[in-house]
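Trainee: Got a structure here, written out as structure tokens. Questions coming.
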Amino acid sequence: MKPDTQQDSPTLQPKDRFMIDATSPSGLRWKTNGHGYKRGDVAGSKTPKGYWKVGKQPNKKMVHRVVYEIAFGPIDADFEIDHADGNPSNNHPSNLRACSHGENGQNKFGSASQDWYPKGININARTGLVQGIIGIDGKQVRPGKGFREDRDVSSNGLNTLVSIMRKALEDMHGPYANTQSYYCQLPDEAVLGRDEGF
């Protein structure tokens, strides 16, 4: 049967069902015809968190896993697929890498808490203590010295901790250290604070 008339089936291999296409918002297009779509249509639907899924239950798959499989081959059962740039919608093969669950968790945006501090820097709501915490191999490491938010009027404590934490994240998490929350678009003369954020 010719590829342009082939009917879709969940039993087909991913490379026979889909084609990688950088012009597709999901990164994939259908290679087959099926119910409600035809060859060349965008494959998948976007979730509220920005990930793309394709197919119907019970054969629904994450698009980034399908793209990785087509581009690089089978995925080891112990591995997850990480979006290197942290954008779950960017399923270009060059942005996908197989990694452990821990490495995937390291490549997250922003702060772990609901405050305005960069990733890994948290404030204890009860005590006002600000400290840096990095998770590595199931343990917590606290680089730098914490400070009380209400006593850091010059922001020296914050600036010092931010510098220490960014370097520690890059050293400890290597290529999975997502430190984008450490960069701000405010002009140099702006005073950072809760209302400005990162």
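The values are calculated or read from the model by the stated rules, or taken from the named source; none is laboratory data. Predicted, not measured: the structure shown is a model, and the values here were computed from it. Here the Cβ is made from the backbone with ideal geometry for all residues, glycine too, and neighbour counts use every protein chain on show.
Trainee: Quick check on TYR37: is it touching a helix residue (DSSP H, G or I) at 6+ places or on another chain (Cβ under 8 Å) and over 19 Å from ASN178 (Cα atoms)?
Mentor: Judged against the criteria, TYR37 is not a match.
Trainee: Take segment 1-41 and flag every residue that is among the aliphatic types (A, V, I, L, M) and either within 16 Å of TYR68 (Cα to Cα) or within 22 Å of the chain's Cα centre (by Cα) (or both).
Mentor: Result: MET19, ILE20, ALA22, LEU28.
Trainee: Looking only at segment 152-164, which residues are part of a loop (DSSP other than H, G, I, E, B) and either surrounded by 12 or more Cβ atoms within 10 Å (Cβ to Cβ) or in contact with a Gly (Cβ under 7 Å, 6 or more places away or on another chain) (or both)?
Mentor: ASP152, SER155, listed by residue number.
Trainee: Would you be able to say whether some residue in segment 32-40 is out of contact with any Lys or Arg (no Cβ under 7 Å at 6 or more places or on another chain), farther than 22 Å from PRO74 by Cβ, of a type in the set (Lys, Arg) and in the same structural domain as PRO93 (by TED's automatic domain parsing)?
Mentor: yes
Trainee: Here is a follow-up. Looking at (1) touching a residue at least 12 places away in the same chain (Cβ under 8 Å); (2) in a loop (DSSP other than H, G, I, E, B); (3) not polar (S, T, N, Q), find the lone condition where ASP16 falls short.
Mentor: Single failed check for ASP16: (2).
Trainee: Going by the conditions given, is LEU96 touching a His at 6+ places or on another chain (Cβ under 8 Å) and touching a residue at least 24 places away in the same chain (Cβ under 8 Å)?
Mentor: Yes.
Trainee: When you look at ASP41, is it modelled with pLDDT of 95 or more and surrounded by fewer than 18 Cβ atoms within 10 Å (Cβ to Cβ), yes or no?
Mentor: Yes, satisfied.
Every residue, every condition in (1) surrounded by 13 or more Cβ atoms within 10 Å (Cβ to Cβ); (2) part of a loop (DSSP other than H, G, I, E, B); (3) not assigned by TED's automatic domain parsing to the domain that holds GLU69, yes or no:
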| site | (1), (2), (3) |
| --- | --- |
| TYR117 | yes, yes, yes |
| ALA125 | no, yes, yes |
| VAL130 | yes, no, yes |
| GLY135 | yes, no, yes |
| ASP150 | no, no, yes |
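Trainee: Another question, then. Please specify each residue of segment 141-159 satisfying the condition of being of a type outside the set (Gly, Ala, Ser) and modelled with pLDDT under 90.
Mentor: LYS145, GLU149, ASP150, ARG151, ASP152, VAL153, ASN156, LEU158, ASN159
Trainee: Please find, within segment 48-89, the residue that is farthest from THR32 (Cα to Cα) out of those that are without any contact (Cβ under 8 Å) to a residue 60 or more places away in the chain and hydroxyl-bearing (Ser, Thr, Tyr).
Mentor: The residue in question is TYR51.
Trainee: Continuing with this model, one more query. For ASP82, all conditions in the list (1) outside the structural domain of ASN159 (by TED's automatic domain parsing); (2) part of a loop (DSSP other than H, G, I, E, B) hold save one; what is the number of the exception?
Mentor: With respect to (1) outside the structural domain of ASN159 (by TED's automatic domain parsing); (2) part of a loop (DSSP other than H, G, I, E, B), ASP82 is out only on (2).
Trainee: Exactly one condition in (1) at pLDDT 90 or above; (2) surrounded by 15 or more Cβ atoms within 10 Å (Cβ to Cβ); (3) not assigned by TED's automatic domain parsing to the domain that holds GLY157 is not met by GLY73; state its number.
Mentor: So GLY73 meets the others, but not (2).
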